[in-house]
Amino acid sequence: MKDQTLTEISRELHDNIGQILSVAIMQVNMYIQNQKAMTKEELDDLKNILGKSLDEIRTLSRIINKDNLLESNFLEAIQLDLDRIRKLKRIDCNFSINGDFPEINVEHELIIYRIFQEAILNILKHSHSEIIDFQIDCLDHDNIKIKLIDHGIGFNSKKKSSGSGLNNIHVRAKLIGASVSVTSDSSGTVVLFTYPKRMNHENE
């Protein structure tokens with residue numbers, strides 16, 4: 001139980017707080033590279049990002065105490081993350097959904113959110129993409145399909161990675177009976193997450 005708790009804390013630090021602080025660092029680097037003074041509005045944006053990281057540390061404290069539920073639903077949470085990234089003015093984030101996103105098991109919802117936080121963090125760190133496309137398809141009778149697409153430099157998806165990012169994604173998906181496929185080439189990377197709707201009914 002101790003090892004499991006430490007592993008979860010590590011994942012939360014890496015996936016969630018790491019993503020938020022990465023956005024803040026990218027924003028600071030942008031102004032350093034451009035040798036441009038920040039306006040009060042831009043400083044306020046940076047303050048809000050750093051404040052969000054503090055909120056997430058507090059959330060992590062609640063998670064350790066088993067209060068590990070999203071304060072909002074998955075759709076709202078992921079759109080807030082994309083909005084923060086969009087404010088960098090360097091990455092265009094597109095969000096689309098086909099059909100109605102069903103009400104799902106709240107613990108599964110949190111895991112799905114963490115999977116895509118990890119995938120988005122990987123885009124910010126490695127892809128050099130200026131566009132992120134986030135697409136949800138709820139029209140399939142059997143599955144919810146979520147696709148995250150970047151248009152960056154890609155990587156060798158067949159090469160075993162020594163990092164924790166992709167491994168975390170696959171492990172978390174397996175925990176809720178979902179599957180993840182990752183395809184990548186020089187035109188970008190596609191992460192396809194498939195969640196069987198029957199898993200939600202089995203956990204009701």
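State all residues of segment 149-197 that are charged (D, E, K, R) and modelled with pLDDT of 80 or more; if no residue qualifies, say none.
Asp150, Arg172, Lys174, Asp185, Lys197
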For segment 27-49, pairs from a residue that is without any contact (Cβ under 8 Å) to a residue 24 or more places away in the chain to a residue that is surrounded by 10 or more Cβ atoms within 10 Å (Cβ to Cβ) and of a type in the set (D, E, K, R), with Cβ under 8 Å and 6 or more apart or across chains, are Tyr31/Glu42
Restricting segment 1-26 to residues that are at pLDDT 80 or above and over 16 Å from the mean Cα position of the chain (by Cα), the one surrounded by the fewest Cβ atoms within 10 Å (Cβ to Cβ) turns out to be Ile25
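Give the residue that is farthest from Arg86 (Cα to Cα), with candidates limited to residues of segment 125-143 that are assigned to a strand (DSSP E or B) and charged (D, E, K, R). Let's see the steps before the verdict.
If we filter segment 125-143 for residues that are assigned to a strand (DSSP E or B), which is where we start, we get 131-137, 143.
In the following step, the residues that additionally are charged (D, E, K, R) were identified as 133, 137.
Numbers: Asp133: 12, Asp137: 22 Å.
Looking at the filtered set, the residue picked out is Asp137.
Looking at the structure I just gave you, is Asn200 at pLDDT below 90, over 20 Å from Asn16 (Cβ atoms) and not in a loop (DSSP other than H, G, I, E, B)?
Values: at pLDDT below 90: yes; over 20 Å from Asn16 (Cβ atoms): yes; not in a loop (DSSP other than H, G, I, E, B): yes.
The answer is yes for Asn200.
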The condition from (1) free of Cβ contacts under 8 Å to residues at least 24 places away in the same chain; (2) within 15 Å of the chain's Cα centre (by Cα) that Ile132 misses is numbered (1)
Of the listed residues (Leu70, Leu121), the one being at pLDDT below 90 and part of a loop (DSSP other than H, G, I, E, B) is Leu70
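The values are calculated or read from the model by the stated rules, or taken from the named source; none is laboratory data. This structure is a prediction, so every number in the text was calculated from the model and none was measured. FYI the Cβ positions are ideal-geometry reconstructions off the backbone, even for glycines, and counts take in every protein chain you see.
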